[in-house]
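Presented below is the structure to which this report refers.
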């Protein structure tokens, strides 16, 4: 990922001054190595961009035939491999070209006026790079295959801010994270900067919640054999991945949170806190179709939780009902349709095909738009 993988070094008190000296020196070396790795990573990504630029320039200026391009790439691959070793296969060179084309406007590096292709051109330094030192070539290779420019920029910024590994980034892309956020947000202009507000301004909850949630990583049994406590336990067992799927800025607070009111005991399945929204998120897990009773119960949970646990400075508590079937009628004709604090998201037990996921996203977008229409 381009990030340090070494564990922090702790001073060894058993060896006195010598141990303290080792600790200080080792810390300096580990920090230096991390800086070197990040610098090398940035320079390599930038080098691949420059190679892609040169290939693109050459092919655009040559014969407009596919066979010509293949011959040029094959010859270049053979010569580079002979001189520099592995890493310059034909497939990699085509990837460098695609990388440049996806990020062609990151730099403006001009050739000398009237220069032939053999004239050396200026190679930008790492300090000029706008590619993040926290993302590796593997990250950018995944990003460059995202056709939508806005989605690509969104994934890049989220990967940087959230510290996604290459595998985590690929999963977010494959499960259409951007499109699911847009479905809830209702704004195709969504990008990470637009999810930030000036200090004191409320952040839109919809821009953080996704629907549907894809929970294939839980390894749940067939729906007929699934119970709510199984779903809850699976989430706890895979909490880190669930937080990633849930959205940005969430941290786990409690499981089966107990609230007592008028000699009655209530238990909220899961409680989270979002440090960006500055509010609690209550989750109620439901197997099957969403009902009016589920919505009413969550409404009660939110009111009770705010009365007992909300502190000064917190924004309104949010309730999320996670269900396997989000009925349109209930979503339209219940407090869910008029509340800005209660939401419902459908969860998918298995990784859907691209078409199945797009169908769910379109359905969710329609529900959101109908909901907004009722509220206006």
Please work out which one of (1) outside any strand (DSSP E or B); (2) buried (at least 18 other Cβ atoms within 10 Å of the Cβ); (3) modelled with pLDDT of 90 or more is the condition residue 336 fails and give its number.
(3)
Please work out which one of (1) at pLDDT 85 or above; (2) touching a helix residue (DSSP H, G or I) at 6+ places or on another chain (Cβ under 8 Å) is the condition residue 228 fails and give its number.
(2)
Looking at 204, 193, 133, can you tell me which residue is surrounded by 19 or more Cβ atoms within 10 Å (Cβ to Cβ) and at pLDDT below 95?
133
Between a first residue in the stretch 257-279 that is farther than 12 Å from residue 304 by Cα and a second residue that is outside any strand (DSSP E or B) and at pLDDT below 90, which pairs have beta carbons less than 6 Å apart while being 6 or more apart in sequence or on different chains?
274/249; 275/249; 276/249; 277/203
Leading residue by the ranking (nearest to residue 205 (Cα to Cα)) among those in the stretch 299-315 that are loosely packed, with under 15 Cβ neighbours inside 10 Å and under 28 Å from the mean Cα position of the chain (by Cα)
314
Of (1) modelled with pLDDT under 85; (2) part of a loop (DSSP other than H, G, I, E, B), residue 316 satisfies every one except (1)
Looking at (1) more than 20 Å from residue 228 (Cβ to Cβ); (2) touching a helix residue (DSSP H, G or I) at 6+ places or on another chain (Cβ under 6 Å); (3) modelled with pLDDT of 75 or more, which one does residue 353 not meet, given that it meets all the others?
(2)
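The values are calculated or read from the model by the stated rules, or taken from the named source; none is laboratory data. Keep in mind that this is a model prediction, so the values were computed, not measured. Cβ coordinates were reconstructed from backbone atoms using ideal geometry, including for glycine residues, and neighbour counts include every protein chain displayed.
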